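The values are calculated or read from the model by the stated rules, or taken from the named source; none is laboratory data. Please read these numbers as outputs of a predicted model, since none were measured by experiment. Here the Cβ is made from the backbone with ideal geometry for all residues, glycine too, and neighbour counts use every protein chain on show.
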Amino acid sequence: MRKWILAAALAATAGVSPASQLLMIERDAAADAAGLARHLGVDQRTVETVLRSRSTPVHERMTLSAYGCISASDCPGRPEYQRVMLGVIWNDNPPGIPKSVRWPTCWGELVLMPKHRPDCWIGFIGDAIVKAKTAPKPKGPPQPLFGEDHLMLYRTHYGDLQFLHAMASADAEPAPLTLERIMAWSQYAYRLGLRQGADRLPVNRPIAEFAPMQPWFQGSKRDWTAQTLFRLGQDYNDMLVRDMAFGALLHTVQDSYSRSHTGREFAIDGSGSRILEHYSYTGQSTACHDRPDKEGYPAGDADPVQVRAAIAATRRLILLRDANTPWSQVEAVLREEIFVQDPAARPASAGPFKPGDC
């Protein structure tokens, strides 16, 4: 659920517990970031497009509810909560160190909302939006707009890693292929997030050595580890990375219930749902996409069925992780209860979220 991360977490610093507070960026800070972005050379319209969808902390609210916490700072018996939340927002806000001349003053600097060059963050995501809107439709097999040579920010929002949001990487991508990519990511994130057990993956192992994820970590990213993926340019410890990995999986699960990420059909009796289509963000309108992403915030007694289902699925995974449940059992839960795909699921499209649809 992309909210352009005007909600973000303070990174853990050297010698400080990684259980840092989750903060909403203040209005003044958002205005300052916009001013810096304009000074950087980002045009006013792009700045407004990026910041129009000010943060709505839906993921934070759903995760808070699933953990049974009173607030982000009051979560008895859950010392991992703040670290997990860093992972929950990571999918929307992966760190990057650009090597691009697009914004020369950003070159080689850590870009991460809200504390590390937010002007560059606005510039790069704005650049991705413009390119997605103006790119010619590819001929032949589905091709993602951005790949391994681009910042993770491009790849997760408009490129080959859209499956981190339970979406297809390109229009016309077959639904079974999208599902298998989601499952590859789910296996990696869950096993990395395990606290103990034979299934647990090492934090310092190159991601490319984990066969299901190898296709997305080639070239300059061949030696990337989980530490690089989640904490690029920042301090870390193993437990922080593991909790972030689990939080990132929760984000994927929650996104799979958003109406602008998938087309789901819910049973009348509320017993479950089926995915009829994984949408691709590339052809969607930013404004149309964001509206369903905001459903469920603020909390209320009349949450839409998809929000209730997302919270229940989040709670289910939390309990499975608490029990150090082996991946084989978790895989069955994901395939048979959460990412249930209709046998006749359609190839990906923008769905009813194209420009002019809202």
Restricting the search to the range 314-354, which residues are under 21 Å from V88 (Cβ atoms) and touching a Phe, Trp or Tyr at 6+ places or on another chain (Cβ under 7 Å)? I318, R321, W327, V330
F146, sole failed condition from (1) free of Cβ contacts under 8 Å to residues at least 40 places away in the same chain; (2) under 23 Å from A208 (Cα atoms); (3) part of a helix (DSSP H, G or I): (3)
When you scan the range 192-208, do you find a residue that is in a helix (DSSP H, G or I) and surrounded by fewer than 19 Cβ atoms within 10 Å (Cβ to Cβ), even just one? yes
Any residue in the range 279-299 that is at pLDDT 95 or above, in a helix (DSSP H, G or I) and farther than 23 Å from Q341 by Cβ? no
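Do the conditions hold for I89, that is, is it on the phi < 0 side of the Ramachandran plot and at pLDDT below 90? Talk me through it step by step, then tell me what you get.
Details: on the phi < 0 side of the Ramachandran plot: yes; at pLDDT below 90: no.
Spelling it out, it is not the case that I89 is on the phi < 0 side of the Ramachandran plot and at pLDDT below 90.
To keep it simple, each residue is scored yes or no on (1) touching a residue at least 60 places away in the same chain (Cβ under 8 Å); (2) surrounded by fewer than 24 Cβ atoms within 10 Å (Cβ to Cβ).
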residue	(1), (2)
D238	no, yes
R242	no, no
G247	yes, no
S256	yes, no
H261	yes, no
E265	yes, yes
S273	yes, yes
E277	yes, yes
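Condition test on V253, is it in contact with a helix residue (DSSP H, G or I) (Cβ under 7 Å, 6 or more places away or on another chain), at pLDDT 95 or above and closer than 11 Å to A166 by Cβ? Break it down into steps so the answer makes sense when it comes.
Numbers: in contact with a helix residue (DSSP H, G or I) (Cβ under 7 Å, 6 or more places away or on another chain): yes; at pLDDT 95 or above: yes; closer than 11 Å to A166 by Cβ: yes.
In short, yes.
Could you please find all residues in the range 57-105 being among the polar types (S, T, N, Q), in a helix (DSSP H, G or I) and either free of Cβ contacts under 8 Å to residues at least 12 places away in the same chain or within 23 Å of Y236 (Cα to Cα) (or both)? Spell out the reasoning first.
Looking only at the range 57-105, we keep the residues that are among the polar types (S, T, N, Q), and these are 63, 65, 71, 73, 82, 91, 93, 100, 105.
So of that shortlist, the ones also in a helix (DSSP H, G or I) come out as 63, 65, 82, 105.
Selection gives T63, Q82.
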When only residues in the range 209-236 that are of a type in the set (S, T, Y) and surrounded by 14 or more Cβ atoms within 10 Å (Cβ to Cβ) count, which is nearest to S328 (Cα to Cα)? T225
